[in-house]
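The values are calculated or read from the model by the stated rules, or taken from the named source; none is laboratory data. The structure presented is a predicted model; accordingly, all values stated were derived computationally and were not measured. Note that each Cβ is placed from the backbone with ideal geometry, even for glycine, and that neighbours are counted across all protein chains shown.
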Amino acid sequence: MKIMGIDFGSARTGLAVCDSGEILASPVGQVDCVGKSLGEIARIVVNSAKEHGAEEFVLGYPRNMDGTVSESGEKVERFREKLLKISEKSVTLRDERLTTVMGGDYLSQAGVYGKKRAKVLDAAAAVVILQEFLDYRKSMGICGN
C-alpha cells in the first residue's frame, strides 16, 4: 500500500510517498504554507496523495525532548483533524523528534547545500518520518501490499 509521509511546518510542509511494497520512502515535494489556512494546506496535501496513489497518511508529531506535546504539536493535531475530515483516510501520528536534523544530515552526505537544501529539507524530513514508520511496520510484521 502506498503511504504519504508529512512533515507539517508553519513555513513549508514536506511530503514523501513509499512504493506499494512499503519498502522505500521517497520525497515528492513541499507545500508553501505561508499565508494559507490549515484547510487549504490539507486540500493541497490530499490532492498530492491522490496524484501519488497514497491510501493513508503518516504525520510527523512534534514533541519536546521530554516527551510532552509542543505548541507545534497542538497545531499538528488541528491539521490532522482537517486531513481526516477532507480525505477520510487514516492519519497516523508519528514522533518526529530530530527528523529535520536527520534529513539535513542525509542532504549533507549527498552534498546538497544552500538554496537547494532549503527547497528540499522538509521533504527530506518527511522521508525520515515515513521511512521510520515503514521500518517499524516491517519489524512488527504488519506491512502489506
Within segment 1-32, track down each residue that is surrounded by 19 or more Cβ atoms within 10 Å (Cβ to Cβ) and part of a loop (DSSP other than H, G, I, E, B). 8, 9, 22
Going by what's in this entry, would residue 56 be described as closer than 17 Å to residue 135 by Cα, of a type in the set (Asp, Glu) and modelled with pLDDT of 95 or more? yes
Can you name the residue in segment 70-91 that is in contact with a Phe, Trp or Tyr (Cβ under 9 Å, 6 or more places away or on another chain) and surrounded by fewer than 14 Cβ atoms within 10 Å (Cβ to Cβ) and is also nearest to residue 125 (Cα to Cα) among such residues? 77
Of the residues that make up segment 70-83, is at least one closer than 21 Å to residue 135 by Cα and not in a strand (DSSP E or B)? no
